[in-house]
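Working notes, beginning with the structure itself.
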Amino acid sequence: MKPPVVDYARANSVAEAVDLLGRYGDESKVLAGGQSLIPMLNMRFAFPTMLIDINHIKETSSVEVHEDVVVIGATVRQSGAQLSREVQSHVPLLAQALPHVGHFVTRNRGTIGGSVVHADARGEVPLVLATLGGQVVVVSASGRRTIEAADLFVTHFTTSIADDELLVETRWPAPGRSWGYAFREFSLRHGDYALGMVACSVHREGGVVQEASVALGAVADRPVVLKEVAASLVGKPLNEPAAVAAGKVVTESVNPSSDLHASDRYRRHLAGLLTKRALLAAWADSGGDLS
Amino acid sequence: MDVSVTVNGYVYEEAVAPRLLLSDFLRHTLGLTGTHVGCEHGVCGACTVIVDGTSVRSCLMLAVQVDGSNVRTVEDLADGADLHPLQSAFHDNHALQCGFCTPGILMAAVDFLEESDSPTREEITEMLSGHLCRCTGYASIVESIHLVSRREGTKE
């Protein structure tokens, strides 16, 4: 349980990190918080020849609020985002999900950017980014590009970010009032991998749903955004029967696999139940009437 | 690689391999064996130390990463024979049996109590989800941390 032999370089700027990435490419690994990468080294699941430490880069360590988007730098700690007033008031869905990410001590070190690029199908941060339709900004020697969340998560632990690209920003849509949000997950022990998780957003206007987004985690190889379920909610109040119906569709449409901890049938049931609960909570959060 | 780091107030300058974990650096290179090593993948919490004021898993950091940093381990809590309030509370309330998990829980609790003025038992329990104790059943640990938080609260 010790890391393999590896070289180490501390990058003090995005330019330095990009230069190192250009030189070492897929032989290297970017070391951010290390709360997933170092276990992978300790367990010998990963064998990079070079670790590029980005923890000392100042440019990527802040949270900025723009008109309708909050920009969270890649190396902002999970605990920093969780306690950030800007995140709490403008991206409440992320603030709700972050206490479920690992534990108090691991959140002190783990980063928002690291959670996104690690792309664990059971990760809360990728799920929230997918639900909100966020973006990431990556930089390489050949320039800068923006990737939509919908195009980012490819499969287990795999994103569409190239080997020579560095994630520098995560962008979280913050549309403002009359939106409601809810995150729900169930795990056997707090901080453990969830058996099911749901994130949703609801835009309420004139007593009905104007727009919605529903996404599930831990049911497939990446976050699953259920557009049909969200579309079926539009134009109506989000009452108990509507939420139950949406949950039923989710139970029928997701296809999780069985493992030691739970059967596929149980996970499908859980996905539907969590969807129902999350939708009702998001509706209430938007100011909607639950009666 | 050369590392210069302050640990419990003393400056150490050592040459280490990049793959050396901070936990092994503290225990093997510096001989500070108060920090315990359990799972070595961030689950058990026994190796928790404080780096630059924040509690972290020392098995999930490399020694080269603390170059220029300030590290605090469990050896720094007591002042000679005078125990830290958390250590006294653990002692008085039987919050440890074998003691393997205790250093990590103490260091996390020191950081936790700096962040939360008056945590509820539920919040303390949630914090402890990151620390495995196989002896106590946690009740006495929660109680000890809760007691210290209330005492600190009345002092202010």
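Laboratory data are not the source of any read-out in this text; all were calculated from the coordinates shown. Since the structure is predicted, the reported quantities are computational estimates derived from the model, not experimental observations. In this analysis, Cβ positions are derived from the backbone assuming ideal geometry, glycine residues included, and neighbour counts consider all displayed protein chains.
All C-alpha pair distances within segment A:60-176, sorted into 10 Å bins from zero, spread as 15, 52, 30, 3 percent across the bins. Taken as Cα centroids, segment A:1-67 and segment B:21-70 sit 19 Å apart, rounded to the nearest whole angstrom. Taking other residues whose beta carbon is less than 10 angstrom from the beta carbon of A:Leu41, and scoring Lys, Arg as +1 and Asp, Glu as -1, yields +4. Only the Cβ atoms of Lys and Arg (+1) and of Asp and Glu (-1) were treated as charged; on that basis the dipole of chain A about its Cα centre amounts to roughly 800 debye.
I'd like the mean, over residues of B:39-48, of how many other protein chain beta carbons sit within 10 Å of each residue's own Cβ.
Numbers: counts 3, 7, 9, 12, 6, 0, 4, 0, 1, 5.
Average neighbour count from other chains, rounded to a whole number: 5.
Packing order of peptides A:276-282, A:230-236, A:110-116, highest average first: A:110-116, A:276-282, A:230-236 (average count of other Cβ atoms within 10 Å over each peptide's residues). Of the two radii for segment A:12-77, the radius of gyration is 1.05 times the Kirkwood radius, both from the alpha carbons; that is the Rg over Rh value. In the protein assembly as shown, the DSSP-assigned H stretches of four residues or longer account for a calculated mean residue ellipticity at 222 nm of -9500 deg cm²/dmol, using -39500 (n - 2.57) per stretch and the full residue count as denominator.
Report the net charge of residues surrounding A:Ala212, where surrounding means a beta-carbon distance below 12 angstrom and charges are Lys +1, Arg +1, Asp -1, Glu -1. Summing Lys and Arg as +1 and Asp and Glu as -1 gives 0. Separation of segment A:107-143 and segment A:173-249, taken as the distance between their Cα centroids, equals 20 angstrom. Within 10 Å of the Cβ of each residue in B:55-66, the mean number of Cβ atoms contributed by other protein chains is 6. Candidate cross-link partners of A:Lys236 among the aspartates and glutamates, defined by an alpha-carbon separation under 15 Å and a same-chain spacing of 8 or more, comprise A:Glu205, A:Glu211, A:Glu228, A:Asp289.
Among A:87-95, B:45-53, what's the highest-first ranking by average C-beta atoms within 10 angstrom per residue?
Peptide ranking by packing, descending: B:45-53, A:87-95.
When its C-alpha radius of gyration is set against 2.2 N^0.38 Å (N residues), segment B:85-150 gives a value of 0.96. Compared with the dominant Cα axis of chain B, that is its longest principal axis, helix B:139-155 is turned about 90°. Using Cα atoms only, what is the angle between the long axis of helix A:264-285 and the major principal axis of chain A, expressed in degrees (0 to 90) to the nearest 10? Once rounded, one gets 80 degrees. A compact globular protein would have a Cα radius of gyration near 2.2 N^0.38 Å; the ratio found for chain A is 1.01. Helix A:14-24 axis versus longest C-alpha principal axis of chain A: approximately 70°, rounded to the nearest ten.
Under the simplified labelling scheme, the A:Thr49-B:His94 pair shows an inter-label distance of 5.9 nm, with each label point 7 Å from Cα along Cα→Cβ. Normalised by 2.2 N^0.38 Å, where N is the number of residues, the alpha-carbon radius of gyration of segment B:43-83 equals 1.27.
The label-point distance for A:Lys2 and B:Leu83, in a model that sets each label 7 Å from Cα toward Cβ, rounds to 3.5 nm. Here the calculated FRET efficiency for A:Asn12 and B:Tyr12, from their Cβ-Cβ distance with R0 = 30 Å, stands at 0.85, rounded to the nearest 0.05. This ranking places B:Arg72, B:Arg134 by how few other beta-carbon atoms lie within 10 Å of each, fewest first, which gives B:Arg134, B:Arg72.
Counting 0.36 nm for each residue step from A:Ser257 to A:His56 and taking away their Cα separation leaves a gain of 68.4 nm.
Ranking of A:Tyr8, B:Tyr10 by neighbouring Cβ atoms within 10 Å, starting from the fewest: B:Tyr10, A:Tyr8.
With the simple spin-label model, which puts each label point 7 Å out from Cα in the Cβ direction, the B:Asp67 to B:Glu115 separation comes to 2.8 nm. Per residue, the convex hull spanned by the Cα atoms of chain B measures out at 109 cubic angstrom. Summing charges over neighbours of A:Gly247, with a neighbour being any other residue whose Cβ is under 14 Å away from its Cβ, gives +3 when K and R count +1 and D and E count -1.
Applying Stokes-Einstein at 20 °C and 1.002 mPa s to the Kirkwood radius of segment B:2-76, computed over alpha-carbon pairs, gives a translational diffusion coefficient of 180 µm² s⁻¹. In straight-distance terms, cross-link reach from A:Lys29 covers every one of the lysines whose alpha-carbon lies under 20 Å from its own, apart from those fewer than eight places away in the same chain; here that gives A:Lys2, A:Lys58. For segment A:235-291, the fraction of C-alpha pairs farther apart than 19 angstrom is 34 percent. Packing, taken as the mean count of other beta carbons within 10 Å per residue, orders the peptides B:121-127, A:180-186 from highest to lowest as A:180-186, B:121-127. The Rg/Rh ratio of segment A:120-176, with both radii computed over alpha carbons and Rh defined as the Kirkwood radius, is 0.97.
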